[in-house]
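**Q** What follows is a structure written as structure tokens; I'll ask about it next.
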Amino acid sequence: MTDQAMVIEGRRWATSSSFDVVNPATERSAGLAPDASKDDLEAAMTAARRAFPAWSRDEERRRALLREAAAALSAAAEQLGAILCAESGHPLAQAVTEIYGASIWFSYYADLEVPLESIELDATSIAEVRRRPLGVVAAITPWNYPLVLASWKLAPALRAGNTVVLKPSPFTPLATLAMGEVLAEVFPPGVLNVLSGGDELGQWMTAHPIPRKVSFTGSVAGGRSVALSAAADLKRVTLELGGNDAAIILDDADLDEVADGIFKGAFVNSGQVCSAIKRVYAPKSRYDEFVDALAARAGAAVMGDPLAEGTTLGPLSTRPQYDRVLGLLGDALDRGAVAASGGAARDSAGYFIEPTILRDLGEGIAIVDEEQFGPVLPVLSYDHVDDALARANGTMFGLGGSVWSADPERAAEVAGLLECGTAWVNTHLALSPLQPFGGFKWSGIGVENGPWGLASFSEIQILHRPRSSTT
Ligand code: NAD
């Protein structure tokens, strides 16, 4: 059990109320988290605004402190990973790996070289294209990868010269709060403030007059609400939202390679990944063999105690998500889908659902049309690639997608026609700090990562001036 404190103005901040965080593997308490009041939020916003002028003016110091932050996170990986494991149910080794992932994002943005751009207008004048920070950023994160997704926001926001107020999900606030304490040793007071509370705290943040940007990762419904609230005073927004990624298998694909890759891309973190594979389109001529190969991998997965060595799949991280996935699964089975593996919850404590491959179903069933965000994968059959493409694109989601073939050129041609932010060939979920990530349609607005993600935490300022005698 761990009881964490919020971090405001560089110190642990006492609150009058707290809430219980549930360990999804045991359904017992994982610890208490502080429940921020409006006064606590006011203190955090004011601290962030006060810290902004000095922080925004010294880029070399910011880069040096981002490097220190990366080192501090790596040093605390075991400690933070254990807290994350308890509150999220992620297998321990994967939880520790997530902390190293967050560290990598801080290193990347510390080291990123940003070339100065200028436009030579005529013989006498030049326009320098500068990037100025926005001010205070409100960062709001979901429960599925709390630390690495926070790092996607914190590292570029801080590198660009902004200060931040961060709020994790009420389901998994503890490791983020602990990270706030680790980073309070690195950054000057007020530069990074971490608060916990319910969804209403997120609403107060987006409506608050101080932040000039909201960077939000979460559900489509949450993103819509954030966009509406931010519009009132024209805050900038980046929205990273839900997905319903399709994987299209072409008829020449290698059975084992594809089954391994698709199983991993669909079931990592028990399917609770925004850009996990959530629908598979297999050619009718090879439908049975792909279903059977995927079912064999699901049957071999080791689902269970996140602390036990060898566990590959943990529970669903939250009770509402567990109920939702079971509801979608039950509905699909009622409508004639067949479970080629799994098909039920585990009869024990914890939010465990057996890794499930569903066959003999199509569009019009909720588990195909909506984002299931859990360890249940529908496999659909198709006759022609054009038909598979149209069905893959026939949704308002547009986060990722993939095409699998023995001929990567042929697959790349099809992948280029997917309507989504990331289209992979013979892989899925390959992510990198160098590579921008974002969604089409309802899956988001804007991108994170790479120089593009950094740019989204700044305004362009043109400095139009006479050429100096040396240029
Ligand atoms: P959620 O929208 O319920 O909550 C996300 C965060 O927003 C939480 O901190 C929550 O407290 C806060 N929040 C909720 N309503 C809010 C509001 N009206 N205003 C301000 N803040 C609000 O999402 P979740 O259930 O925590 O996360 C799962 C969802 O996140 C899935 O749909 C998943 O696909 C998506 N996701 C997207 C990405 C991506 O990069 N595109 C990454 C991870 C998860």
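The values are calculated or read from the model by the stated rules, or taken from the named source; none is laboratory data. In this text, all values refer to a predicted model and were calculated from it rather than measured experimentally. All Cβ positions, even for glycine, are placed from backbone atoms using ideal geometry, and neighbour counts span all protein chains on display. For the accessible areas, the whole protein counts, side chains as well, though only heavy atoms, and no ligand, DNA or RNA atoms are used. Shrake-Rupley method; radii C 1.70, N 1.55, O 1.52, S 1.80 Å.
**Q** Take the residues in segment 219-248 that are open to solvent by less than 20 Å² (accessible area, probe 1.4 Å) and part of a loop (DSSP other than H, G, I, E, B); name whichever of them is farthest from the ligand (Cβ to nearest atom).
**A** Once the filter is applied, the top-ranked residue is 235.
**Q** I'm trying to understand the selection: among the residues of segment 64-88, which are surrounded by 17 or more Cβ atoms within 10 Å (Cβ to Cβ) and more than 30 Å from residue 24 (Cβ to Cβ)?
**A** 65, 66 - these are the residues of segment 64-88 that are surrounded by 17 or more Cβ atoms within 10 Å (Cβ to Cβ) and more than 30 Å from residue 24 (Cβ to Cβ).
**Q** Determine which member of the set 345, 340 is out of contact with any Lys or Arg (no Cβ under 8 Å at 6 or more places or on another chain), open to solvent by less than 50 Å² (accessible area, probe 1.4 Å), away from the ligand (no atom under 16 Å from the Cβ) and not charged (D, E, K, R). Write out each step before concluding.
**A** Numbers: 340 fails: out of contact with any Lys or Arg (no Cβ under 8 Å at 6 or more places or on another chain).
Just one listed residue meets the conditions, 345.
**Q** In segment 249-259, which residue that is in contact (Cβ under 8 Å) with a residue 40 or more places away in the chain and in a helix (DSSP H, G or I) is surrounded by the fewest Cβ atoms within 10 Å (Cβ to Cβ)? Full working, then the answer.
**A** Narrowing segment 249-259 to residues in contact (Cβ under 8 Å) with a residue 40 or more places away in the chain: 249-250, 252-254, 257-258.
Narrowing the set further to residues that are in a helix (DSSP H, G or I) leaves 257-258.
Details: 257: 12, 258: 23.
Per the stated criteria, the residue is 257.
**Q** Being within 13 Å of the ligand (Cβ to nearest atom), closer than 23 Å to residue 85 by Cβ and of a type in the set (Val, Ile, Thr) is the filter; apply it to segment 156-196 and report the residue that is surrounded by the fewest Cβ atoms within 10 Å (Cβ to Cβ).
**A** If we take residues in segment 156-196 being within 13 Å of the ligand (Cβ to nearest atom), closer than 23 Å to residue 85 by Cβ and of a type in the set (Val, Ile, Thr), then 176 is surrounded by the fewest Cβ atoms within 10 Å (Cβ to Cβ).
**Q** Name the single residue that is surrounded by the fewest Cβ atoms within 10 Å (Cβ to Cβ) among those in segment 260-318 being acidic (Asp, Glu) and not in a helix (DSSP H, G or I). Spell out the reasoning first.
**A** Taking segment 260-318 and keeping what is acidic (Asp, Glu), we get 260, 288-289, 292, 305, 309.
Add one more test, that the residue is not in a helix (DSSP H, G or I), and what stays is 305, 309.
On the way: 305: 18, 309: 9.
Step by step, filter segment 260-318, then rank; the result is 309.
**Q** Checking the structure you have, find out if any residue of segment 414-426 is over 24 Å from residue 217 (Cβ atoms) and open to solvent by less than 10 Å² (accessible area, probe 1.4 Å). Lay out the reasoning, then the answer.
**A** Initial filter on segment 414-426 (over 24 Å from residue 217 (Cβ atoms)): 414-417, 425-426.
From the residues that got through so far, the ones that are open to solvent by less than 10 Å² (accessible area, probe 1.4 Å) too are 415.
Yes: segment 414-426 contains one or more residues that are over 24 Å from residue 217 (Cβ atoms) and open to solvent by less than 10 Å² (accessible area, probe 1.4 Å).
**Q** Consider residue 395 carefully, then state whether it is open to solvent by less than 50 Å² (accessible area, probe 1.4 Å), polar (S, T, N, Q) and out of contact with any Phe, Trp or Tyr (no Cβ under 8 Å at 6 or more places or on another chain). Walk me through it before giving the result.
**A** Values: open to solvent by less than 50 Å² (accessible area, probe 1.4 Å): yes; polar (S, T, N, Q): yes; out of contact with any Phe, Trp or Tyr (no Cβ under 8 Å at 6 or more places or on another chain): yes.
It is true that residue 395 is open to solvent by less than 50 Å² (accessible area, probe 1.4 Å), polar (S, T, N, Q) and out of contact with any Phe, Trp or Tyr (no Cβ under 8 Å at 6 or more places or on another chain).
**Q** I've got another one for you. For residue 332, are the conditions met, namely being of a type outside the set (Val, Ile, Thr) and over 16 Å from residue 244 (Cβ atoms)? Give the derivation first.
**A** On the way: of a type outside the set (Val, Ile, Thr): yes; over 16 Å from residue 244 (Cβ atoms): no.
No; evaluated as a whole, the condition is false for this residue.
**Q** Can you confirm whether segment 123-137 contains a residue that is assigned to a loop (DSSP other than H, G, I, E, B), touching an Asp or Glu at 6+ places or on another chain (Cβ under 7 Å), more than 16 Å from the ligand (Cβ to nearest atom) and assigned by TED's automatic domain parsing to the domain that holds residue 17? I'd like the intermediate steps shown before the answer.
**A** Initially, segment 123-137 is screened for residues assigned to a loop (DSSP other than H, G, I, E, B), giving 123-124, 134-135.
Now drop any that are not touching an Asp or Glu at 6+ places or on another chain (Cβ under 7 Å), which leaves 134.
Going one step further and asking which of them are more than 16 Å from the ligand (Cβ to nearest atom), we end up with 134.
Then keep just the ones that are assigned by TED's automatic domain parsing to the domain that holds residue 17; that gives 134.
Yes, some residue in segment 123-137 is assigned to a loop (DSSP other than H, G, I, E, B), touching an Asp or Glu at 6+ places or on another chain (Cβ under 7 Å), more than 16 Å from the ligand (Cβ to nearest atom) and assigned by TED's automatic domain parsing to the domain that holds residue 17.
**Q** Within segment 110-133, is even one residue under 30 Å from residue 17 (Cβ atoms) and either touching a Leu at 6+ places or on another chain (Cβ under 8 Å) or among the aromatic types (Phe, Trp, Tyr) (or both)? Explain how you work it out, then say what you get.
**A** Initial filter on segment 110-133 (under 30 Å from residue 17 (Cβ atoms)): none.
No, every residue in segment 110-133 fails to be under 30 Å from residue 17 (Cβ atoms) and either touching a Leu at 6+ places or on another chain (Cβ under 8 Å) or among the aromatic types (Phe, Trp, Tyr) (or both).
**Q** For segment 197-218, which positions are open to solvent by less than 10 Å² (accessible area, probe 1.4 Å), assigned to a strand (DSSP E or B) and near the ligand (Cβ under 10 Å from one of its atoms)?
**A** Within segment 197-218, 214 is the sole residue that qualifies.
**Q** Answer yes or no as to whether residue 403 is crowded, with 24+ Cβ neighbours inside 10 Å, of a type outside the set (Gly, Ala, Ser), out of contact with any Lys or Arg (no Cβ under 7 Å at 6 or more places or on another chain) and closer than 30 Å to residue 105 by Cβ. Explain how you work it out, then say what you get.
**A** Working: crowded, with 24+ Cβ neighbours inside 10 Å: yes; of a type outside the set (Gly, Ala, Ser): yes; out of contact with any Lys or Arg (no Cβ under 7 Å at 6 or more places or on another chain): yes; closer than 30 Å to residue 105 by Cβ: yes.
Taking the combined requirement at face value, the residue satisfies it.
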